[in-house]
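The values are calculated or read from the model by the stated rules, or taken from the named source; none is laboratory data. Owing to the predicted nature of the structure, the values given are computational and were not obtained by experimental measurement. Don't worry about glycine lacking a Cβ; one is built from the backbone with ideal geometry, like all the others, and counts go over all protein chains shown. Surface areas here come from the heavy atoms of the whole protein model, side chains and all, with no ligands, DNA or RNA. Shrake-Rupley method; radii C 1.70, N 1.55, O 1.52, S 1.80 Å.
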Amino acid sequence: MPSERFINLPQDKKKRIIDAALKEFARVPFQEISINRIIQDAEISRGSFYQYFEDKTDLQTYLLSDFEDKISEKMQAYLKEKKGDMFQLFEDGVNFIVKIGMESPFINVCKNVFSQMEQCCGNHSRPFDIEDNGLFFKVMSVMKDEYYQNYEMEDIKIVWEMLIMMLKEAVVRIFIMNEPQEEVIQKYRKKTELINIGFKSKERTHV
């Protein structure tokens, strides 16, 4: 995240840097982002840029923080309401991720970020903090007692990872491949339902 030096900048200079960064992140995929172009458009020095941000990944994290905050708020409310049903979380999750992404003023930035998932670019596959183990264990901590109590945690984690991959695929198909949103979501939910049925069809001892 940005340094205190950046946070304390005058608003007009901060806006100039953000606008230049948004323009560049919307223009090309992450791998092609040019810090030189950003600093030229923002009218700052390269030295100043690195006083504000560690690198372009740090800058991307900042640009997408509002998007991620909205997703996090939705998930927190969802977990409280649904008591940690991970299958329902993923079934509903694709809808609010797509909705927030489409309404975001950073939609072109989001599209370029999601394109990284299509190209398997590792650590740059933001905004997907849903992939972090922290959310997994948070879901497990609030789930109803009857959920998954007869299954080993290792098995639950494997299913969680499968659901993550399917969610990524659905988002890429909608944002990058421009496939019909309703068709993609319907197929995604069908896959989720089938995994849910298969997972719950065989009881295991929970540890």
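Structure values in brief
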| read-out | value |
| --- | --- |
| Conditions (1) open to solvent by less than 90 Å² (accessible area, probe 1.4 Å); (2) modelled with pLDDT of 85 or more; (3) in a loop (DSSP other than H, G, I, E, B); (4) not aromatic (Phe, Trp, Tyr): number failed by residue 170 | (3) |
| Flag if residue 88 is touching a residue at least 40 places away in the same chain (Cβ under 8 Å), of a type in the set (S, T, N, Q), at negative phi and open to solvent by 40 Å² or more (accessible area, probe 1.4 Å) | no |
| Selected residue (only one of 125, 65, 141 is hydroxyl-bearing (Ser, Thr, Tyr) and at pLDDT below 75) | 125 |
| Subset tally (residues that are open to solvent by 100 Å² or more (accessible area, probe 1.4 Å) and modelled with pLDDT of 90 or more) for region 177-193 | 5 |
| Criterion (open to solvent by 60 Å² or more (accessible area, probe 1.4 Å), in contact (Cβ under 8 Å) with a residue 40 or more places away in the chain and not aliphatic (A, V, I, L, M)) met by exactly one of 12, 58, 66 | 66 |
| When residues of region 25-52 are limited to those that are over 22 Å from residue 4 (Cα atoms) and of a type in the set (Gly, Ala, Ser), the one surrounded by the most Cβ atoms within 10 Å (Cβ to Cβ) | 26 |
| Every residue from region 69-84 that is in contact (Cβ under 8 Å) with a residue 24 or more places away in the chain and either surrounded by 20 or more Cβ atoms within 10 Å (Cβ to Cβ) or within 29 Å of residue 19 (Cα to Cα) (or both) | 70, 71, 72, 74, 75 |
